[in-house]
Amino acid sequence: MFSGPPADPAAPGTAPAPAGPGTPPAPAAPVRPGDAPAAAVPTGDAPEMSGPPAGRSWTTPLLLGAAGVLALLMALFGPGLLARGTGELRIPGAGLTTVLRTVLFAALALHLGELLGPQLVRPVRGRPRTAVRSWAAAASVAGAAAAAGQIVRLAAVSDLGITETYGTREGGLLLLIANGLVVAALCAASKRPALALAPLAVVIGAEALRAHPEAYSPEFGAALTVVHLTAASLWTGGLLYVLRTMWLWRGSPVAARALLGRYARLAIWLYVALAATGTVSALRRLPLDVVFSSAYGRTLLVKLALMAVVSVLAVAARRRMLRDADPAVAHLLARREQVVLGLVVVVSAVLTVVPDPHWISLRP
């Protein structure tokens, strides 16, 4: 081997000799004023989901706050505004009833979504071992309180006592709904939250019967509502669970993208069920000659417009998910879809409050 004088470690362009066992590490070179900081060495880890720049952004809280205020205004004043000029009878306490039913529908969606969510999460490979905090118990308690509030409102409007209100058809079904949600909350707080499926099924069935007091084929209408309400709750609540989990997994974009993909495949079938049952229910309940002259028809048109927006956002989110390795843009579009779905829930509550449009169609 060729030999020569040892290299001077301080000489420029000379590579330091590797440290061997027992060799003390070389001291770090002193940093002189004005020197640039050393560049970070890439570690090879997967990149995180891209997001907003560092610092607190007020855009999302402001948009959510505005959507919440809009939803509250729609619930309180929507039934009266949509019935203006139709000649329909005024529904006492329609705004308060709409708010209470919105809370009830939101509670169903949250709880069913948390029962669906883990089934979507479990097959995802390489997922983080973290899970979102459960909101199911609190949601069901809020839903039970909303059902109890409807009982009190019904008693006040009907000038009946609470016990006498339980004996009416609507009062008895509302009592069943409230009790079912209390049991569902207890199941959610237990070690076997999946047991809440049984009381939630009872709640959906009771709400479907309550929503169809009409004399023309109420059983068929209730069956349509069971499918429609279940699919809507799974779509809305499942999307919320997926979005919360994706935010928790923002350091693992591959797993987050896979989770959104699994939800998107299920959402297609939920959308088909919603479209089919919604179309049949509308044709069954709404005469074509009063689409624009009844509160029910006007409310249904608003719901269809919102569903069109939801459809566009859902398709756009799916395309970006398939195109991009980073699911950040798809996550943003899905969040906007979730906000519009919240407005759809409010409009759906309005539909259960406005009068049956058949009597307008039958007027001479």
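The values are calculated or read from the model by the stated rules, or taken from the named source; none is laboratory data. Computed from a predicted structure; not experimentally measured. Cβ: placed from backbone, ideal geometry, glycine included. Neighbour counts: every protein chain shown. The area values use the complete protein model at the heavy-atom level, side chains included, leaving out ligands, DNA and RNA. Shrake-Rupley method; radii C 1.70, N 1.55, O 1.52, S 1.80 Å.
Name the residue from ALA155, LEU89, VAL69 whose Cα lies farthest towards the positive end of the charge dipole of segment 55-155, charges +1 on Cβ of Lys and Arg and -1 on Cβ of Asp and Glu. Sorting the options by dipole projection puts first VAL69.
For segment 47-186, the dipole from Cβ point charges (+1 on Lys and Arg, -1 on Asp and Glu) about the Cα centre works out to 560 debye, to the nearest 20. May I ask which residue of LEU266, ALA308, LEU341 lies farthest towards the positive end of the charge dipole of segment 263-364, with charges of +1 (Lys, Arg) and -1 (Asp, Glu) on Cβ and the Cα centre as origin? Selected residue: LEU266.
Summed over the residues of segment 119-184 and divided among them, the accessible surface reaches 54 Å² per residue at a probe radius of 1.4 Å.
Could you tell me what % of all Cα pairs in segment 278-356 have separations over 22 Å?
Tail of the P(r) past 22 Å holds 38 percent of the pairs.
List the GluC sites (Glu not before Pro) within segment 205-264 that fall in a DSSP loop (any state other than H, G, I, E or B) and whose Cβ has at most 13 other Cβ atoms within 10 Å. Listed in order of number, the matching sites are GLU214.
Give the shape of segment 79-188 as rounded, prolate or oblate, defined through the alpha-carbon gyration tensor: a ≥ b ≥ c are the square roots of its eigenvalues, a/c under 1.5 means rounded, and otherwise the shape is prolate if a/b is larger than b/c and oblate if not. Oblate is the answer for segment 79-188, as a/c is 1.5 or above yet b/c matches or exceeds a/b.
Loop only per DSSP, at most 14 neighbouring Cβ atoms within 10 Å: give me the chymotrypsin sites (Phe, Trp or Tyr not before Pro) in segment 267-347, ordered by residue number. Walk me through the intermediate numbers first.
Working: sites: TRP269, TYR271, PHE292, TYR296; in loops: PHE292.
Hits after loop and neighbour filter: PHE292.
Remark on segment 210-364: Rg and Dmax equal 18.1, 65 Å (Cα only).
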